[in-house]
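The values are calculated or read from the model by the stated rules, or taken from the named source; none is laboratory data. Here the structure is a predicted model, which is why all the values come from computation and not from measurement. Here Cβ is always computed from backbone atoms with ideal geometry, including for glycine, and neighbour counts include all displayed protein chains. Only protein heavy atoms, including side chains, enter the accessible area calculation; ligands, DNA and RNA are left aside. Shrake-Rupley method; radii C 1.70, N 1.55, O 1.52, S 1.80 Å.
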Amino acid sequence: MKYSKEEIIQYVKEEDVKFIRLAFCDVFGRQKNVSIMAEELPRAFEYGIAFDASAITGFGDETKCDLLLHPDAETLMPLPWRPEHGRVVRMFCSISYPDGTPFECDTRSLLKKAMDEAKKAGYEFMFGAEQEFYLFLLDEYGKPTQVPYDEAGYMDIAPEDRGENIRREICLTLEQMGIRPESSHHEEGPGQNEIDFRYSDAITAADNAMTFQTVVKTVAHRNGLCADFSAKPLDNEPGNGFHINISVRPDENPNNLYYVIAGILEKIEEMTAFFNPNENSYKRFGHNKAPGFITWSNENRSQLIRIPAAIGEYHRAELRSPDPAANPYLAFTLMIYAGLYGLQTKPDMPDAANINLYKADPVTLAKFRKLPEDLNSACKIAAESEFIKAYVPAPVLDIYCKQSN
């Protein structure tokens with residue numbers, strides 16, 4: 001639900017809200033927050049709330065450590081798992097220096113800028129997220145194990161699927177927060193689950209992806225479990241994907257989506273370090289429906305990009321390489337710019353790879369470009385990319401590249 005600043009201040013008074021969580025994320029997409037009392041809300045709106053940036057990965061050192069959080073009034077959400085009396089709400093924030101200059105490592109603001117650039121060019125990009133996660137048991141001390149919650153398989157049902165009630169609680173909690181899940185089911189791995197969302201504008205989709213991980217982890221913990229979003233939690237089981245569906249408006253020209261796909265395919269190697277930011281990410285590639293080659297096709301789940309069987313407003317492309325460790329704001333930002341590149345330059349579309357790449361012979365596979373095989377390779381490509389340098393601030397690029405050294 002969208003609110004104005006004045007409406008939020010009134011809402012806080014009328015609904016017994018005592019705490020406001022001001023949420024943001026570091027450059028890698030790890031969510032952070034600071035809680036303020038309700039009485040501090042007008043100050044937060046007018047001046048911002050200061051925090052120690054030197055304690056946040058990639059946000060600088062002690063020499064220039066003060067940054068300000070500015071709550072986005074349109075992102076107010078109650079946290080249903082907190083008490084009804086003395087309620088808690090959350091708002092996402094933009095970040096600035098004390099003089100009001102936008103903070104260059106604020107990836108949420110980078111996404112807003114990309115959306116504005118797309119609008120100026122006459123386009124709007126819509127996104128739908130599909131994030132997979134494992135549910136693991138906790139040990140006697142409450143620490144995560146690698147023991148799956150169940151041994152069910154793809155789309156199994158109870159009693160084999162023990163995650164059914166967990167997914168139900170997650171979906172109902174999200175619904176209370178104004179987020180509409182589209183579907184949920186057990187995935188292929190033991191204890192692995194997936195919940196999908198209806199498409200929305202880029203900033204809403206990224207905010208929802210951040211919220212989703214928080215809700216899943218909270219609900220899992222309440223049920224004595226651990227939710228694991230890492231790319232490859234178990235060596236011999238399917239990895240967790242963050243499949244990103246993208247469509248473009250206006251869609252009167254049926255070729256527009258293909259130009260977007262062509263742009264993403266051309267720039268994918270340069271973007272991979274941001275879609276797959278951990279060494280663990282690269283253990284997933286090329287196995288269990290995770291792509292390893294730079295290809296596209298209709299419906300085919302062995303591809304990097306597939307066009308699902310959908311028509312009308314649901315016509316879209318699905319990028320299958322990212323994993324849930326990706327910062328959604330940065331991932332969507334780069335996809336918008338790659339899509340704009342395709343729409344503006346209209347590069348040639350590679351032929352569709354209408355084969356099962358997991359069963360193809362080496363001679364056939366040799367015809368296709370491969371995704372980077374490790375984080376170090378991906379970071380080197382990103383560091384040398386003029387495309388990345390144009391849209392990713394130098395401090396953010398440096399932070400990503402340094403982690404691989």
Exercise. For the chain, give the magnitude of the charge dipole about the Cα centre (Cβ charges: +1 Lys/Arg, -1 Asp/Glu; no others), in debye to the nearest 20.
Key: 400
Quiz item: Ignoring any ligand, DNA or RNA, what whole percent of the accessible area of the chain comes from carbon and sulfur when the probe is 1.4 angstrom?
Solution: 49
Exercise. Can you tell me the order of 138-146, 3-11 when each peptide is scored by its average per-residue count of other Cβ atoms within 10 angstrom, highest first?
Key: 3-11, 138-146
Exercise. For the stretch 225-230, take each phi angle, set θ = phi - 60°, evaluate the Karplus expression 6.51 cos²θ - 1.76 cosθ + 1.60, and give the result in whole Hz per residue in order, putting x for glycine and proline.
Key: 10, 10, 9, 10, 9, 5
Exercise. Compute the accessible area per residue over the stretch 56-198, keeping the other protein chains in place, probe 1.4 Å, unit Å².
Key: 49
Practice problem: First check a/c for the stretch 314-356, with a ≥ b ≥ c the square roots of the eigenvalues of its C-alpha gyration tensor; if it is under 1.5, answer rounded, and if not, answer prolate when a/b is larger than b/c or oblate otherwise. | Solution: oblate
Exercise. Sum up the charges of everything whose Cβ sits under 13 Å from the Cβ of Asp196, counting Lys and Arg as +1 and Asp and Glu as -1, but leave Asp196 out.
Key: -2
Quiz item: Using the heavy atoms of the protein chains alone and a 1.4 angstrom probe, what is the accessible area of the stretch 320-405 per residue in square angstrom?
Solution: 47
Quiz prompt | For the stretch 87-93, Karplus couplings with θ = phi - 60° (6.51, -1.76, 1.60), whole Hz, Gly/Pro x | solution = 5, 10, 10, 10, 9, 6, 10
Quiz prompt | Lys, Arg +1 and Asp, Glu -1 on Cβ, resulting dipole of the stretch 243-347 about Cα centre, debye, nearest 20 | solution = 220
Practice problem: Let me know the shape class of the stretch 273-329, please: from the alpha-carbon gyration tensor, a ≥ b ≥ c as square roots of the eigenvalues, rounded when a/c is under 1.5, otherwise prolate if a/b is greater than b/c, or oblate. | Solution: oblate
Quiz prompt | Loop-located GluC sites (Glu not before Pro) in the stretch 38-118 whose Cβ has at most 16 other Cβ within 10 Å (DSSP) | solution = Glu84, Glu104
Quiz item: Shape of the stretch 34-131 from its Cα gyration tensor (a ≥ b ≥ c, root eigenvalues): rounded if a/c is under 1.5, otherwise prolate when a/b > b/c, or oblate?
Solution: oblate
Quiz prompt | Charge dipole (the chain, unit charges on Cβ, about Cα centre) - positive-most of Leu225, Phe212, Gly286 | solution = Gly286
Quiz item: Projected onto the charge dipole of the chain (+1 at Lys/Arg Cβ, -1 at Asp/Glu Cβ, origin at the Cα centre), which of Ala152, Leu67, Gly163 gives the Cα projection farthest towards the positive end?
Solution: Leu67
Quiz item: Toward the positive end of the charge dipole of the chain, about the Cα centre and with charges on Cβ (Lys, Arg +1; Asp, Glu -1), which of Tyr141, Asn193, Gly263 goes farthest?
Solution: Gly263
Quiz item: Which of the helices in the chain, when you take each full DSSP H run, stretch at least 27 Å along the axis at their Cα atoms and have an average Kyte-Doolittle score of -0.5 or higher?
Solution: 202-222
Quiz prompt | Distance between the stretch 210-234 and the stretch 98-172 - C-alpha centres, whole angstrom | solution = 9
Quiz prompt | Value of relative contact order over the stretch 180-303, rounded to a whole percent, pairs C-alpha under 8 Å and six or more apart | solution = 17
Exercise. Take every Cα pair under 8 Å in the chain that's 6+ residues apart, average their separations, divide by the length, and report that relative contact order as a whole percent.
Key: 15
Quiz prompt | Rough spin-label spacing in nm, given labels placed 7 Å along Cα→Cβ, for Met155 and Glu182 | solution = 1.6
Practice problem: Please report, in debye to the nearest 20, how large the charge dipole of the stretch 140-209 is about its Cα centre when each Lys and Arg carries +1 at its beta carbon and each Asp and Glu carries -1 there. | Solution: 260
